[in-house]
Amino acid sequence: MHEKIQEIKKFESPPRVIKNLFNQEEITKFLNLYDKLPTTLHNKKQNVIKKRWLLDYSKELENLFYERLKEQIGDFKMDNLKTDEGKDIYGLFQESYNPIGLHMDGGFNFEDQIYKQSLIPLTPIGSTVIFKNRYYGKSTNFTIDEKELSLKKLNYGQNIRSSDHIGKFGDKPFNKEMHEKYLKHEKIENLVGLEVELVYKWELGSMLIFDRTNMHCSSSVIEGKKIGLTTFTKK
């Protein structure tokens, strides 16, 4: 568990959506940046393409993003992985063709005071499900799949696999109607005890901000593919 749990909890707040934060021209610039960046990972199993936002590809967008986020969450430090050469990465673009499963993005250093993360949709169709339930470990994929749980040799930056959430939040069955509408890609048994706080329906120009301790996942609502930019902060 994180060493600074009490400090982390002091800054926790409900997830929120800021609408009309970016105009269409700015969204286009983010997409142009995405096109220029080299592919970091093409996970064919999940059918997701990840590109790290490398610094100095667009100083204009770096400054724009930082100032817009600071207006919303106050002072922060970026908390991102580094390249193989040790350079900072500003965020992560993901091009997804399938929904991403239940997880949380607590980082990989228990000494950090993790703070907020943000999501900017760069395509209009998609949604993200934020749960009320919180977890205070490192970045984790939550699963009851025995094959996934047996994975121990993880590469740098890969999430831990865990079923630690089962029973942690009680044994109340997950809402069947919510599961059918938004989470058909998840086994309903993997959602026992969880309660949805927000379903963020993607809208161009908006930004979702939520605590890094919030468990969350993509919804099963997707048309073809979706592209989003995620960033992580700490205090």
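What to note about this one:
- All conditions in (1) surrounded by 12 or more Cβ atoms within 10 Å (Cβ to Cβ); (2) of a type in the set (Asp, Glu); (3) free of Cβ contacts under 8 Å to residues at least 60 places away in the same chain hold for Asp105, with the sole exception of (3).
- Filter result for Ile8 (buried (at least 16 other Cβ atoms within 10 Å of the Cβ), out of contact with any Ser or Thr (no Cβ under 9 Å at 6 or more places or on another chain) and assigned to a helix (DSSP H, G or I)): no
- Qualifying residue in the range 170-188 (condition: among the acidic types (Asp, Glu) and crowded, with 18+ Cβ neighbours inside 10 Å): yes
- Any hit, the range 114-134, residues being farther than 23 Å from Ser206 by Cβ and without any contact (Cβ under 8 Å) to a residue 60 or more places away in the chain: no
- Qualifying position, being free of Cβ contacts under 8 Å to residues at least 60 places away in the same chain and either over 22 Å from Ser206 (Cβ atoms) or touching a Ser or Thr at 6+ places or on another chain (Cβ under 6 Å) (or both), among Glu71, Glu111, Glu85, Glu67: Glu85
- Those residues of the range 23-72 which are more than 29 Å from Ile222 (Cα to Cα) and among the hydrophobic types (A, V, I, L, M, F, W, C), in sequence order: Leu55
- Inclusion of Phe210 among residues that are buried (at least 20 other Cβ atoms within 10 Å of the Cβ) and either without any contact (Cβ under 8 Å) to a residue 60 or more places away in the chain or under 30 Å from Glu26 (Cβ atoms) (or both) is warranted.
- Filtered residue count, the range 21-41, keeping only those that are part of a helix (DSSP H, G or I), in contact with a strand residue (DSSP E or B) (Cβ under 6 Å, 6 or more places away or on another chain) and farther than 20 Å from Leu204 by Cα: 0
Rule-based calculations on the coordinates, nothing more; no lab input. Every value quoted in this text rests on a predicted model; they were computed, and no experiment measured them. A quick note on method: Cβ atoms are made from the backbone with ideal geometry, for glycine too, and the neighbour counts reach across all protein chains shown.
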